[in-house]
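In what follows, a structure is listed as structure tokens, so that the remarks can point back to it.
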Amino acid sequence: MKALVLSSGGLDSSVCTSYAVKTYGKNNVVTASLFYGQAHARELESARKIAEFYGLEHVEKDISEAMSHTKSVCSLIQGSDIQIDDRSYAEQIADKGKPNTEVPMRNGIFLVLAASVAMSIFPEQECVIIYGAHADDAAGSAYPDCSVEFADTADKLIKIGSRNLVSLERPLINLNKAGVVKLGLELGTPFELTTSCYHGGDKACGICGTCRDRISAFRVNGIPDPIEYEGEDPFADMR
């Protein structure tokens, strides 16, 4: 069995890469990253580092032109006039109904494209596409394309389109962020190479929604996050 991991260079997808290597063997695993016009390229650099760490083939595709329209509704896209909302996801959902970091149908686009790539680099071979949707991302419909229902439907679509050679695997789908970190620790995921911050600076901001979730997840597991944060170290009491 071959495995294609959608890798953003973030915490979740990097745990998925660790999982894929352990489950299928590194000779059967390829990671893939998509540049969709995100405002910073730091996450792509991290994805390359994760692939290099495991000695994996890494594929990158530029779909920014096709996704350029999303800058009108998403704060993460180059050229967007929307400011990133640094409140928690729960606060944003209560106020606006969704976070302004939602990229419309991103996972749907990514998964279908990944299926096409898998069918091309692994012709006539069975392959799983592994991606890092987890329970916290789907909670409260923060990101509906991270839900179990969405994944199940996409899996059916991809199986039909690939003559049952390609399917989806989502090892994190029933885990919250703390559970993802716990699994990554067990698998030896190099968290120091990952990036999560929406602002994409040299150091994580520590205040955006994804930084908040990451900090909380490491604290629940009782260990400090190995990456650096701006300002006061949120793990100073644990080091």
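Structure notes:
- On Cα atoms only, tilt of 177-187 relative to the major axis of the chain in degrees: 60
- In degrees, nearest ten, helix 11-24 long axis to first principal axis of the chain (Cα): 30
- Near residue 225: Cβ cut-off under 11 Å, other residues only, Lys/Arg at +1 and Asp/Glu at -1. The net charge is 0.
- Neighbourhood charge, 15 Å Cβ-Cβ cut-off, centred on residue 73 and excluding it, Lys, Arg +1 and Asp, Glu -1: 0
- Residues 145, 155, 233, 12, arranged from fewest to most other Cβ atoms within 10 angstrom of their Cβ, appear as 233, 155, 145, 12.
- Crossing angle, helix 209-220 versus the chain [Cα axis fit, 0-90 degrees, rounded to tens]: 90
- Paramagnetic reach from residue 223 (point 7 Å along Cα→Cβ, amide N under 19 Å) across region 179-198: 179-196
- Loop sites in region 2-106: chymotrypsin sites (Phe, Trp or Tyr not before Pro), DSSP, at most 14 other Cβ within 10 Å: none
- For region 12-62 versus region 136-188, the spacing of their alpha-carbon centroids is 16 Å.
- Kirkwood hydrodynamic radius (C-alpha pairs) into Stokes-Einstein, the chain, 20 °C and 1.002 mPa s, D in µm²/s: 118
- Here is the list for region 116-179: trypsin sites (Lys or Arg not before Pro) lying in DSSP coil, each with at most 14 other C-beta atoms within 10 angstrom of its C-beta, are 163.
- Electrostatic dipole magnitude of the chain [Cβ: Lys, Arg +1; Asp, Glu -1; Cα centre; debye, to 20]: 540
- Across the cross-link table entries 156/182; 49/96; 2/156, which are compared at the Cα atoms, the separations over 28 Å belong to 156/182; 49/96.
Each reported figure results from applying straightforward, stated rules to the coordinates on display, with no laboratory input. Only a predicted model underlies this, so the values are computations on that prediction, with no experimental measurement involved. Note that each Cβ is placed from the backbone with ideal geometry, even for glycine, and that neighbours are counted across all protein chains shown.
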